[in-house]
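The values are calculated or read from the model by the stated rules, or taken from the named source; none is laboratory data. Small disclaimer: the values here were computed from a predicted structure and weren't measured. Here the Cβ positions follow ideal geometry from the backbone for every residue, glycine too, while neighbour counts run over all protein chains shown.
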Amino acid sequence: MNKVTQFPRAVRSTPDPLGLYLRPNHNDHKVLSELITAGDTAFCGAVLDPSHLKRQSELRDQILDRRIDLILDPKTQEAAAPGRFSENLGKLPWVGGRCNTFHDFSGTQGRRRVTELAKFAIDEGFTQVMAPTHYLQSADDPWLELDIDNAIKLRNLLDRHSQQRIPIIYSLAIPYKVFRNSEQRNILINELQRAPIDSLWLKIGSMGSHATSTGIINYIKASEEFHTLGVPIVGDYIGGMAGLSLLSFGAAGGIAHGITFGERFDPSSWAKQPKKGSFGQERRVYVAAIDMMLKPKQAEMLFEASVRAKSLFGCRDKHCCPRGIQDMVGNPARHFMVQRLKHVSELSQIPEQLRPQRFLERHLRPATDLAVSAERIDWKDDEMMRKTQKNRARLDNLRVALGNQAVKKPPSSFSQHPKTRVSRES
């Protein structure tokens, strides 16, 4: 009998997927916990607000057990903004009970605050931490140099406590007009060269899931320059078809957003005192087929328009919504998360050079066609008529703009994908 000599084969490691990060709000811990319990863990991490950590402690433990990244957002941007500062934020050890100023993060005070942040991240078991950055009005904003210095201090403090394994995220929060200005971008990129960061999260004012086609094209163009930093780019507070466009055209290697909310960064009210007596918003229903967020009554109006409307716009994914529209409207948070996980996962499986065209064919083109059908419904409600018209125009413009982009200016570079916790710890 002939002996067969077996030689070891080189095993090619599985590449990291496109990044998807969820930002659970004050009351989102239960729905995210239920998603994880059901086995839907195809997202890279959850960004927790430390002022809600006690309330969300069970979710934190669950995330750590499943080897998903637990990311600390220190909320230093909000803590320095009169319109976003709150009593709960003031209780954080690095905030100190009042709305922060530039001097609070400089000198001895600044070192003490960064030390408190590092200690909190280690004690609470966070696997990634955002540097204590602030909203910049321009590339010449004095916060920029100070924030980078504090990122360096944070890295040194973590390393000193043998926490080299904890990556640092740099959250760059800037106005849209600064982001699209080439001179301002060059200054930012040059300054960021010295920051010891593992990924850059772009938080661009007035950009989000309903960004215009012009905004998305400008985002793609501008973000390519940030690729020279050699770290993954994550589009923060942006989802929907806009976020998927950034992933498909290589502008970002990941996106981050809230759960049915928090898909847009709007700093317009940050400098103003907050209004008293504000109430939580009603959970909206995501109609993935046409990339629309609707209030529950509006969603019911859409599905009751006709039998055809139910078939076209209702969720037919049995894993997501076993009872179809009933589950879609009854548990909108789960439906939203499952659909977003599904779409990002599908894009991850497509080679990057083919992603732009495949995205147009498999995602954007079908959505624009269905948006026309939604607009043509004989609406008796003026708000729904205007809403569907606006949505159809937005998707049409995006399809034309990205179609031209794919042909005339295909991506010259693709953002690195963020490394997952499993990948880093393997």
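Here is how the numbers come out for the structure above:
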item: Number of the exception - PHE261 against (1) under 20 Å from PRO418 (Cα atoms); (2) surrounded by fewer than 21 Cβ atoms within 10 Å (Cβ to Cβ); result: (1)
item: Members of segment 311-325 found to be under 26 Å from the mean Cα position of the chain (by Cα) and touching a residue at least 40 places away in the same chain (Cβ under 8 Å), listed by number; result: PHE313
item: Meets criteria (assigned to a helix (DSSP H, G or I), touching a Gly at 6+ places or on another chain (Cβ under 9 Å) and either crowded, with 17+ Cβ neighbours inside 10 Å or assigned by TED's automatic domain parsing to the domain that holds PRO82 (or both)) for GLU224; result: yes
item: Residues being in contact (Cβ under 8 Å) with a residue 60 or more places away in the chain and touching a Lys or Arg at 6+ places or on another chain (Cβ under 6 Å) - total across segment 105-135; result: 1
item: Out of THR108, THR115, sole residue that is surrounded by fewer than 16 Cβ atoms within 10 Å (Cβ to Cβ) and either under 25 Å from the mean Cα position of the chain (by Cα) or over 22 Å from PRO50 (Cα atoms) (or both); result: THR108
item: Options ARG23, ARG55: the member that is under 22 Å from THR420 (Cα atoms), of a type in the set (D, E, K, R) and either crowded, with 19+ Cβ neighbours inside 10 Å or not assigned by TED's automatic domain parsing to the domain that holds SER345 (or both); result: ARG23
item: Positions within segment 98-132 being outside any loop (DSSP other than H, G, I, E, B) and at positive phi, in sequence order; result: GLY107
item: Filtered residues of segment 30-62 (kept if of a type in the set (A, V, I, L, M) and within 27 Å of HIS134 (Cβ to Cβ)); result: ALA46, VAL47, LEU48, LEU53
item: Number of positions in segment 233-265 that are aliphatic (A, V, I, L, M), outside any strand (DSSP E or B) and more than 9 Å from the chain's Cα centre (by Cα); result: 8
item: Residues of segment 37-55 satisfying the condition of being under 18 Å from the mean Cα position of the chain (by Cα) and either closer than 27 Å to ASP16 by Cα or of a type in the set (Val, Ile, Thr) (or both); result: ASP40, THR41, ALA42, PHE43, CYS44, GLY45, ALA46, VAL47, LEU48, ASP49
item: The lone exception for MET292 - which of (1) buried (at least 22 other Cβ atoms within 10 Å of the Cβ); (2) touching a strand residue (DSSP E or B) at 6+ places or on another chain (Cβ under 7 Å) it fails; result: (2)
item: Those residues of segment 317-346 which are closer than 17 Å to CYS44 by Cβ and surrounded by fewer than 15 Cβ atoms within 10 Å (Cβ to Cβ), in sequence order; result: SER345
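For every residue, the table says whether it meets (1) surrounded by fewer than 21 Cβ atoms within 10 Å (Cβ to Cβ); (2) outside any helix (DSSP H, G or I); (3) without any contact (Cβ under 8 Å) to a residue 12 or more places away in the chain.
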position	(1), (2), (3)
GLN62	yes, no, no
PRO82	yes, yes, no
PHE85	yes, yes, no
ASN88	yes, no, no
GLN137	yes, yes, no
GLN163	yes, yes, no
TYR170	no, yes, no
